[in-house]
Amino acid sequence: MKIKKHIKEFSKRATSYDEYTNIQKKVAKKVIENTKKKGVEYKKILDLGCGTGSVYKSIDWKIETFVGVDASEQMCKLHPNTKKTVVFNRDFDDRHLYEDLKKYSPFDITFSSSALQWSKNFDNILIHIKELSRDISFAIFTDGTFETIYKVSQQESFLPDAQKLVDKISCYWNIEYEIQKYRLYFADNISKFRYIKRSGVSGGEARLSYRQVKNLIENYPLDYLEFEVLFLSSV
């Protein structure tokens, strides 16, 4: 297992609605940039949690097939639709999905950006992807995200631990990884929690009570939100 661990911080002001997915777009772009450093232009691609197409839009080389998977029907409708793309409105935890994907395999690489942290059966995904794809390149939000929020509210993070993910994935591929930290700045605390609700970073679930949210709005000590992302790829 080849390991590259690098901590870096990025700061960006969130000033408009378009900025609600700013972090996810930055992450998708970096997933592709990390792949390009290898000098390999993958032709047959699978994207788990493809969303509206951030990964697809970041690819600047010629491809033969791009298969995207996303559980949101609305997201799938907004994904670019070309002769080379196929988009499945499916849950990537559904084991039957991978039987349907076999007709497009083997894939040169499987991408996943800002999605696999929601998996309820991550081991199942790894087993199937290992059968379908030669290489992988993942970006996964980990438990350093919203770290101060959880400290103030005295709650445990619902996001996975980065090292545990590394240990698990390295059972299937030789990998390299880096952990990157981001900061997103806001004018006030209400704007921060509005961002969390609208960006989808929280998984679309109300995880704190009204009283806990009120306490955070009044007492959150930072002028930014914290994000931690594990970038990981096969070598």
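Between residue 99 and residue 209, what is the label-to-label distance in nm when each label sits 7 Å out along the Cα-to-Cβ direction?
4.5
What does the charge dipole of the chain about its Cα centre add up to, to the nearest 20 debye, if the Cβ of each Lys and Arg holds +1 and the Cβ of each Asp and Glu holds -1?
560
What residue among 80, 162, 173 has its Cα farthest toward the positive end of the dipole of the chain, where the charges are +1 on Lys, Arg and -1 on Asp, Glu, each on the Cβ?
80
What aspartates and glutamates could a cross-link reach from residue 37, if we take a straight Cα to Cα line under 20 Å and drop same-chain neighbours fewer than 8 places away?
47, 60, 108, 135, 176, 178
So if we plug the beta-carbon distance of residue 74 and residue 191 into 1/(1 + (r/R0)^6) with R0 = 22 Å, what FRET efficiency do we get, rounded to 0.05?
That gives a FRET efficiency of 0.35.
Can you compute the FRET efficiency between residue 217 and residue 64 using 1/(1 + (r/R0)^6), with r the Cβ-Cβ distance and R0 = 35 Å? Round to the nearest 0.05.
After rounding to 0.05, the efficiency reads 0.10.
Among 62/120; 30/120; 26/130; 83/192; 84/192; 25/130, which pairs are too far apart, with a Cα-Cα distance over 30 Å? Display every interim value, and only then the final one.
Working: 62/120 34 Å; 30/120 25 Å; 26/130 27 Å; 83/192 40 Å; 84/192 38 Å; 25/130 26 Å.
Violating the 30 Å Cα-Cα cut-off are 62/120; 83/192; 84/192.
Would you work out which of 42, 52, 227 lies farthest towards the positive end of the dipole of the chain? Charges go on Cβ: Lys and Arg +1, Asp and Glu -1.
42
Between residue 152 and residue 172, how high is the FRET efficiency from 1/(1 + (r/R0)^6) when r is the Cβ-Cβ distance and R₀ = 35 Å? Nearest 0.05.
Once the sixth-power term is evaluated, E becomes 0.40.
Report the GluC sites (Glu not before Pro) located in segment 25-90 that are in a DSSP loop and have at most 12 other Cβ atoms inside 10 Å of their Cβ, or state none.
Values: sites: 33, 41, 64, 73; in loops: 41, 64.
Here the GluC sites (Glu not before Pro) that fit, given the DSSP loop and packing criteria, are 64.
When the helices in the chain are scored as -39500 (n - 2.57) per DSSP H run of 4 or longer and the sum is shared across all residues, what 222 nm value do you end up with, to the nearest 500 deg cm²/dmol?
Helix contribution divided over all residues of the chain: -9000 deg cm²/dmol.
Laboratory data are not the source of any read-out in this text; all were calculated from the coordinates shown. Values in this document were obtained by computation on a predicted structure and should not be read as measured data. For neighbour counting, all protein chains shown are included, and Cβ atoms are generated from backbone atoms with ideal geometry for every residue, glycine included.
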